[in-house]
Amino acid sequence: ESSEKVKKICNQYGFELDLSKKIYEMSVSEKQTVEIIKVLYRGADILILDEPTTGLHTDDVKKLIEVINRIVDNGDSVVMIEHNLDMIKVADYVIDLGPDGGDKGGYIVATGTPEEVSKVKNSYTGQYLKKVFAKKIG
């Protein structure tokens, strides 16, 4: 019964996972997929991710974005701490903390859509997003 529920979750969210593999045989991406499936299996309405793109190949980041979009499309929420611009630029809402790290950080520098944050001059994230959006246009 539980393996059927896992298969249903994989189909619903577009996970490609070899369920016959042992955890120690899995890649970083596959292990992260298992962790997300575990949360969805328990019926969570909100998924909190801490730098989910760390260690992922560019193609795996694209797959993760697709999965997160499916989770949101199904009415659930995703909150994440992230530095990857590909992930940030597709967010619905960004809270940029800074201006630096450590003792010089932790303050809200900018909030809003990625496009709105890209217009905030004292936001490092915004300045990098501005370059990303400029490439799309130009």
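Of all lysines in the structure, the ones whose alpha carbon falls short of 18 Å from that of K104, not counting any fewer than 8 places away in one chain, are K121. Other residues with beta-carbon under 12 Å from the beta-carbon of I81 carry, at +1 per Lys or Arg and -1 per Asp or Glu, a net charge of -4. In the complete set of protein chains, residue-level accessible area for E4 is approximately 110 Å², probe 1.4 angstrom. The shape of the stretch 24-138 can be summarised by an equivalent ellipsoid whose semi-axes, obtained from the alpha carbon gyration tensor, come to 26, 16, 15 Å from longest to shortest.
Does the stretch 79-138 come out rounded, prolate or oblate by the C-alpha gyration tensor, with a ≥ b ≥ c the root eigenvalues, rounded set by a/c under 1.5 and, if not, prolate when a/b is larger than b/c and oblate if not? Prolate is the answer for the stretch 79-138, as a/c is 1.5 or above and a/b outweighs b/c.
Placing D45, D60 in order of accessible area, with the largest value first and a 1.4 Å probe, yields D45, D60. Between E30 and D103, the FRET efficiency from the beta-carbon distance, with R0 = 25 Å, is close to 0.10. Estimated from the Cβ-Cβ distance and a Förster radius of 30 angstrom, the FRET efficiency linking Y41 and K119 is about 0.15. Report the net charge of residues surrounding K22, where surrounding means a beta-carbon distance below 15 angstrom and charges are Lys +1, Arg +1, Asp -1, Glu -1. Once all neighbours under 15 Å are counted, the net charge is -1. Per-residue surface analysis assigns I46 an accessible area of about 90 Å², computed on protein heavy atoms at 1.4 Å probe radius. Within the accessible surface of the stretch 37-84, defined with a 1.4 Å probe on protein heavy atoms only, the carbon and sulfur portion equals 50 percent. Share of antiparallel DSSP beta bridges in the chain, in percent to the nearest 5? In the chain, DSSP labels about 50 percent of beta bridges as antiparallel.
Residues in the stretch 1-102 average 65 Å² of solvent-accessible surface per residue, probe 1.4 Å, ligands and nucleic acids excluded.
Spacing of the modelled spin labels on T111 and V79, each 7 Å from Cα toward Cβ, amounts to 1.3 nm.
Charge tally for Q127 (other residues, Cβ to Cβ under 12 Å; Lys, Arg +1; Asp, Glu -1): +3. Annotation: H57 carries an accessible surface of approximately 110 Å², with a 1.4 Å probe and no ligand, DNA or RNA atoms counted.
The values are calculated or read from the model by the stated rules, or taken from the named source; none is laboratory data. As the structure is a prediction and not an experimental result, all values here were calculated from the model. Here Cβ is always computed from backbone atoms with ideal geometry, including for glycine, and neighbour counts include all displayed protein chains. Heads up: the accessible areas ignore ligands, DNA and RNA and are worked out on the full protein's heavy atoms, side chains in. Shrake-Rupley method; radii C 1.70, N 1.55, O 1.52, S 1.80 Å.
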